[in-house]
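Student: Following this message is one structure expressed as structure tokens.
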Amino acid sequence: MKSLIIKDLMFMKTIWVQWVFLFFGSLAISVAMGNYLAAICVLPLIILSSGVNTFQTDEFYNTESYTLSFPLSRKKIILSKYLFTLILLLIATYIGLIIYLLVALTIKPGFNGLNVDMIKYLVMLEASSLIVDALFYPIIYRFGCEKAKTILITAVVVLLGVVAILSYVINTYNMNVDFTGVLSFIQNYGVYVLVIAVTILMIISYFVSVLLYKRRDY
């Protein structure tokens, strides 16, 4: 199982140049806007999303068939992917904190440009990304990466459609919807709710992935 995690970590070495460009791009945008939230969040979120990219690499090189020849159960093969995602979370969070400290010590923007709340927003965005992974991983293990991408895109389009319809109805019928309470709840308790939700969903996702992976043939 350790070798599978190392294999996925080695994949990260092939895309580090892209990460450097993304970081400097987000930093330039942050400087232009006078707000460094993008500089703190963009690179960590891209790193965290690398877990899904390893599935594509495995499919492209057909390494899954080779992996199944290892003296490892499918449970451990799947567990290695979830542990790799946890490692990515730790790396992403660490890099986000380093960027925050570097900006605070070198550029020294004002409160509006950089504040502790941005760390909280980073954690919330990472948690949201992990929720997507928790929903996405079982689909990949059942249908493969390409079909899973189609399903994900379809789900996003449907969700955006629902949001657009709700927005149209609210504007058309002049409904006075007060989101102050919702925003206040997110501000105060959003991190805790998302962390609990991610923990529960990841555990469920792992067991569902094991169940679906057993039904997939190679």
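The values are calculated or read from the model by the stated rules, or taken from the named source; none is laboratory data. Just so it is clear, the model here is predicted, and its values are computed rather than measured. FYI the Cβ positions are ideal-geometry reconstructions off the backbone, even for glycines, and counts take in every protein chain you see.
Student: In the stretch 91-115, what residues are surrounded by 13 or more Cβ atoms within 10 Å (Cβ to Cβ) and touching a residue at least 40 places away in the same chain (Cβ under 8 Å)?
Tutor: Those that are surrounded by 13 or more Cβ atoms within 10 Å (Cβ to Cβ) and touching a residue at least 40 places away in the same chain (Cβ under 8 Å): ILE91, ALA92, THR93, ILE95, GLY96, ILE99, TYR100, VAL103, ILE107, PRO109, GLY113, LEU114.
Student: Can you name the residue in the stretch 17-34 that is of a type in the set (Gly, Ala, Ser) and crowded, with 16+ Cβ neighbours inside 10 Å and, of all such residues, is farthest from SER50 (Cα to Cα)?
Tutor: That would be SER30.
Student: Just checking, does the stretch 77-90 include any residue being without any contact (Cβ under 8 Å) to a residue 60 or more places away in the chain and either surrounded by fewer than 18 Cβ atoms within 10 Å (Cβ to Cβ) or part of a loop (DSSP other than H, G, I, E, B) (or both)?
Tutor: yes
Student: Show the residue pairs that are 6+ apart or on different chains and have beta-carbon atoms under 8 Å apart, the first residue being within the stretch 1-30 and assigned to a helix (DSSP H, G or I), the second being surrounded by 16 or more Cβ atoms within 10 Å (Cβ to Cβ) and basic (Lys, Arg).
Tutor: Cβ pairs passing all conditions: LEU4/LYS81; ASP8/LYS81.
Student: Quick one: what pairs do we get from the stretch 116-130, first residue closer than 9 Å to GLY190 by Cβ and touching a residue at least 60 places away in the same chain (Cβ under 8 Å), second assigned to a loop (DSSP other than H, G, I, E, B) and not polar (S, T, N, Q), C-beta under 9 Å, 6+ apart or different chains?
Tutor: none
Student: Tell me which of these VAL169 doesn't satisfy, since it passes every other one: (1) at pLDDT below 80; (2) touching a helix residue (DSSP H, G or I) at 6+ places or on another chain (Cβ under 9 Å).
Tutor: Evaluating VAL169 over (1) at pLDDT below 80; (2) touching a helix residue (DSSP H, G or I) at 6+ places or on another chain (Cβ under 9 Å) leaves (2) as the failure.
Student: Pull up the stretch 31-62, narrow it to residues that are aromatic (Phe, Trp, Tyr) and not in a helix (DSSP H, G or I), then point me to the one that is nearest to PHE84 (Cα to Cα).
Tutor: Among them, the one singled out is TYR61.
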